[in-house]
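A.B. asks: My structure is below; once you've seen it, I'll send some questions.
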Amino acid sequence: QVQLVESGGGWVQAGGSLRLSCAASGRTFSSYFMGWFRQTPGKEREFVAQISRYSSTYYADSVKGRFTISRDNAKNTVYLQMNSLKPEDTAVYYCAASTAWSTGHRQTDFGSWGQGTQVTVSS
């Protein structure tokens, strides 16, 4: 399994931007499919975006056009650039790794998870 550590969360006003980073350990990062999920209290973890080994991407409708997922295999890092943030984007954001593309965008498709980073968007 790969070890994942997120960073970059914080507080921002609505309309602002944040960039989350997820640093992975191990020499096989480039072989993993990576995803971002988010969770608010009392709700299930929600799919946000994923990126393939070859940088194909897929986004949840709620973030399409505002968020961008990318990866730098040389740095073993995946990013989530979040623009035009809304209060409803407030959540703990988690990075996850999978050995295959998640066609159903389910958290159960991802075997490795980071500890999460809090993003708070104020109105």
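A.B. asks: Would you work out what percent of the accessible area of the stretch 63-110, with all protein chains in place, is carbon or sulfur (probe 1.4 Å)?
C.D. replies: Heavy-atom surface of the stretch 63-110 belonging to carbon and sulfur, 1.4 Å probe: 48 percent.
A.B. asks: Taking only C-alpha pairs under 8 Å that are 6+ residues apart, what is the relative contact order of the stretch 1-72 in percent?
C.D. replies: Dividing the mean separation by the residue count of the stretch 1-72 yields 20 percent.
A.B. asks: Another question, if that's okay. Compute the distance in nm between two label points, each set 7 Å from the Cα along the Cα-to-Cβ direction, one at residue 123 and one at residue 56.
C.D. replies: 3.9
A.B. asks: Near the amide H of residue 46, under 5 Å away, which other amide H atoms are found, from residues 5 or more places off or on another chain, if H is placed in the peptide plane?
C.D. replies: 38, 39
A.B. asks: Using only the Cα atoms of the chain, build the gyration tensor, take square roots of its eigenvalues as a ≥ b ≥ c, and label the shape rounded, prolate or oblate: rounded if a/c is under 1.5, else prolate if a/b is larger than b/c, else oblate.
C.D. replies: On the way: a/c = 1.66, a/b = 1.55, b/c = 1.08.
Since a/c reaches 1.5 and a/b is larger than b/c, the shape of the chain is classed as prolate.
A.B. asks: For a label point 7 Å from the Cα of residue 23 along Cα→C-beta, name the residues of the stretch 103-123 whose backbone N is under 20 Å from it.
C.D. replies: From the stretch 103-123, the list is 112-119.
A.B. asks: Out of the total accessible area of the stretch 1-40 (probe 1.4 Å, heavy atoms of protein only), what percent is carbon and sulfur?
C.D. replies: Carbon and sulfur together cover 47 percent of it.
A.B. asks: Determine the relative contact order of the chain: mean sequence separation of Cα pairs under 8 Å and six or more apart, normalised by residue count, in whole percent.
C.D. replies: So the answer I get is 36 percent.
A.B. asks: What ranking do 100-106, 49-55 get when scored by the average of other Cβ atoms within 10 Å per residue, highest first?
C.D. replies: 49-55, 100-106
A.B. asks: Right, next: For the chain, what is the charge dipole size about the Cα centre, in debye to the nearest 20, if Lys and Arg each add +1 at the Cβ and Asp and Glu each add -1 at the Cβ?
C.D. replies: Numbers: 12 positive and 8 negative charges, 44 e Å.
The calculated dipole for the chain is roughly 220 debye.
A.B. asks: Right, next: If you count only protein heavy atoms with a 1.4 Å probe, what accessible area per residue comes out for the chain, rounded to a whole Å²?
C.D. replies: Result: 51 Å² of accessible area for each residue.
A.B. asks: Still on this structure, please answer the following. Between the stretch 66-123 and the stretch 11-51, what is the C-alpha centre distance in whole Å?
C.D. replies: Spelled out, the Cα-based centre of one part sits 1 Å from the other.
The values are calculated or read from the model by the stated rules, or taken from the named source; none is laboratory data. The shown structure was predicted, so the numbers you read here are calculated from the model rather than taken from an experiment. When we count neighbours, we look across all protein chains shown, and the Cβ atoms used for this are built from the backbone with ideal geometry, even at glycine. All accessible areas refer to the heavy atoms of the entire protein, side chains included, with ligands and DNA or RNA removed. Shrake-Rupley method; radii C 1.70, N 1.55, O 1.52, S 1.80 Å.
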